[in-house]
Amino acid sequence: MRTERTSKGTMAEKNSGVAVIIGAGPAGLTAAYELLERTGYTPIVLEGTDQVGGISRTVNYKGNRIDIGGHRFFSKSDRVMDWWMDMLPMQRTDGKQTITYHRRTTEVGGAEQGPDPDSTDEVMLLRGRKSRIYFSRRFFDYPISLSPDTLKKLGILRSMKIGFSYIRSALFPIRNEKNLEEFFINRFGRELYGTFFKSYTEKVWGVPCNEISAEWGAQRVKGLSISKAILHFARKLFSPATDVSQKNVETSLIEQFLYPKFGPGQMWETVTRKVQERGGQILMQHKVTRIVADASGKIVAVRAVDADGNEIEIKGDLFFSTMPVRSLVRALGDDVPKPIIEIAEGLQYRNFVTVGLLYDHLKVRESDGSPIKDNWIYIQEPDVLVGRLQIFNNWSPYLVADQTKTWVGLEYFCSDKETLWTASDTEMIELAKTEMERIGIAAASDCRDGVVIHVPKTYPAYFGSYDRFDEIRNYVDTFPNLYLLGRNGMHRYNNQDHSMLTAMVAVDNIVEGRTDKANIWEINTEEEYHEEKK
């Protein structure tokens, strides 16, 4: 069966017509909403799965919700922060909180302002951020700080090695750093890199750090270094953070963040509803198989297969893709030049497996005996495969059905052919329980339930054929009405806010009649993206 959908209107009006959007993640849904708010285009969003949000979705298992990878709602972009709080307002707080932006400083919260999370679902919680590294069966600050507590746990000899190693790197940095290992060594010294960065990073990517492009560090770690970590620690002693936006703080050092009551997926479910209320369409379980261009090089339609195997063709005037670049190039068909196909096929991805375990309690506690308050725990232990833990209770208490239980997510990273990806759910749950017990976090006998979630192509990799990615970019940019957006759409390890900004700037360009797409690709390549640049 084959059907066809076309626009009922004409292109007589400026900025009007049909916009076809591939993917209902943060970038795709932001594009749909912005088009409806600011143009005459009607978006049709094609989502291959049965849930919106992409990797920013929330999975509900027996009333216990899982955040895929953990999503702090924090951005240095005023535009994104405003957008989020327009969708879901910040909760009522015991006292007023100051939110500082470039353009204004406002006070929010207090008894007379903001919704009460206990009586309202559509609300953003204000959460404290606590993440730690678990190394040698002990907790360390994350990012690592050379505080007295850290030095005591490391011991005199190792602390001296770290200090001398850092001084050496500061005095004699590696010139023209080519890979991630050199990036880390220049900022932290070889000894600290080997102690706290190497193991976890190689678990995530599955290859040695010296085979990963330094560009990954430039995007994910940016300006962080030992000196900045020490300065941040010193400032905390005298000036506790009260600024939600924390614009001048390195992303890894933020002290608090906003978070939807029921996890990140709630944000994108809210956006989906608003897109549909304004006339946009969201077609679930529609997997795009072909992108059709005419003789002039303009995209004119996409073909997709629905859950029943029926093929539809949707014609449009603008096209936005957040699908993996490898899949995009395949969908463009046989006319793609052979070198572009070879580069696309050489792009690598890492998959993500979350094992949710429900415990009566954990063995590890805070120093005062209370439950640990960590959002994330980075597992820097070489004798286990798990890379990171999430304590979902600490992201939002509303993620957990029974507040007397502790809901934990164990994160594993792998490729398509690795055992971690092909193992059965029963095997993965047993592995997770065993590893939790081995490193002393929780007893297997205290686990009451478990679930496994597989997420393919979560991390676009900075190795394989990535060093030639600009050739793909230059080729795809020749299609004047095709815009690549978001993490997988641009094969770039974007955070949620960066993915949203790519969509916002793409719509800026459409409104302003700008055909050059360079400003979209510039997002998340600088120390800070200035949204005032238009």
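Of the residues that make up the stretch 100-112, is at least one at pLDDT 60 or above, in contact with a Leu (Cβ under 9 Å, 6 or more places away or on another chain) and either crowded, with 20+ Cβ neighbours inside 10 Å or more than 30 Å from residue 49 (Cα to Cα) (or both)?
Taking the stretch 100-112 as the starting set, the residues that turn out to be at pLDDT 60 or above are none.
Looking through the stretch 100-112, none of the residues is at pLDDT 60 or above, in contact with a Leu (Cβ under 9 Å, 6 or more places away or on another chain) and either crowded, with 20+ Cβ neighbours inside 10 Å or more than 30 Å from residue 49 (Cα to Cα) (or both).
Restricting attention to strands (runs of 3 or more DSSP E) lying wholly within the stretch 384-484, give those where 2 or more residues are over 27 Å from residue 323 (Cβ atoms) and not assigned by TED's automatic domain parsing to the domain that holds residue 508. Give the derivation first.
On the way: elements: 388-391, 406-414, 447-464, 482-484.
Once the strands (runs of 3 or more DSSP E) in the stretch 384-484 are filtered for at least 2 residues that are over 27 Å from residue 323 (Cβ atoms) and not assigned by TED's automatic domain parsing to the domain that holds residue 508, what remains is 388-391, 406-414, 447-464.
Take the residues of the stretch 492-502 that are buried (at least 23 other Cβ atoms within 10 Å of the Cβ) and part of a loop (DSSP other than H, G, I, E, B): which is modelled with the highest pLDDT?
Within the stretch 492-502, the first condition is being buried (at least 23 other Cβ atoms within 10 Å of the Cβ), and the residues that meet it are 492, 494, 496-502.
Now restrict to residues that are part of a loop (DSSP other than H, G, I, E, B): 492, 494.
On the way: 492: 94, 494: 89.
Once the filter is applied, the top-ranked residue is 492.
Here's a check for you: in the stretch 158-217, which residue that is among the aliphatic types (A, V, I, L, M) and touching a helix residue (DSSP H, G or I) at 6+ places or on another chain (Cβ under 8 Å) is nearest to residue 376 (Cα to Cα)?
Our first condition is that a residue be among the aliphatic types (A, V, I, L, M); within the stretch 158-217, this holds for 160, 162, 167, 170-171, 174, 180, 185, 192, 204, 207, 212, 214.
Adding the requirement that they be touching a helix residue (DSSP H, G or I) at 6+ places or on another chain (Cβ under 8 Å) leaves 162, 174, 180, 185, 192, 212, 214.
Working: 162: 25, 174: 31, 180: 23, 185: 24, 192: 20, 212: 24, 214: 24 Å.
Out of the qualifying residues, it is 192.
Exactly one condition in (1) touching a residue at least 40 places away in the same chain (Cβ under 8 Å); (2) assigned by TED's automatic domain parsing to the domain that holds residue 484 is not met by residue 352; state its number.
If we test residue 352 against (1) touching a residue at least 40 places away in the same chain (Cβ under 8 Å); (2) assigned by TED's automatic domain parsing to the domain that holds residue 484, just (2) comes out false.
Is it the case that some residue within the stretch 321-338 is crowded, with 21+ Cβ neighbours inside 10 Å, part of a strand (DSSP E or B), in the same structural domain as residue 300 (by TED's automatic domain parsing) and touching a helix residue (DSSP H, G or I) at 6+ places or on another chain (Cβ under 7 Å)?
Within the stretch 321-338 (the criterion being crowded, with 21+ Cβ neighbours inside 10 Å, part of a strand (DSSP E or B), in the same structural domain as residue 300 (by TED's automatic domain parsing) and touching a helix residue (DSSP H, G or I) at 6+ places or on another chain (Cβ under 7 Å)), the answer is yes, since at least one residue qualifies.
Of the residues 28, 9, 69, which single one is modelled with pLDDT of 95 or more and not polar (S, T, N, Q)? Quick ask: steps written out before the conclusion?
Working: 9 fails: modelled with pLDDT of 95 or more; 69 fails: modelled with pLDDT of 95 or more.
Unique residue meeting the criteria: 28.
The values are calculated or read from the model by the stated rules, or taken from the named source; none is laboratory data. These numbers come from a predicted model, not from an experiment. Because the Cβ atoms are built from the backbone with ideal geometry, glycine has one as well, and the counts that use them run over all protein chains shown.
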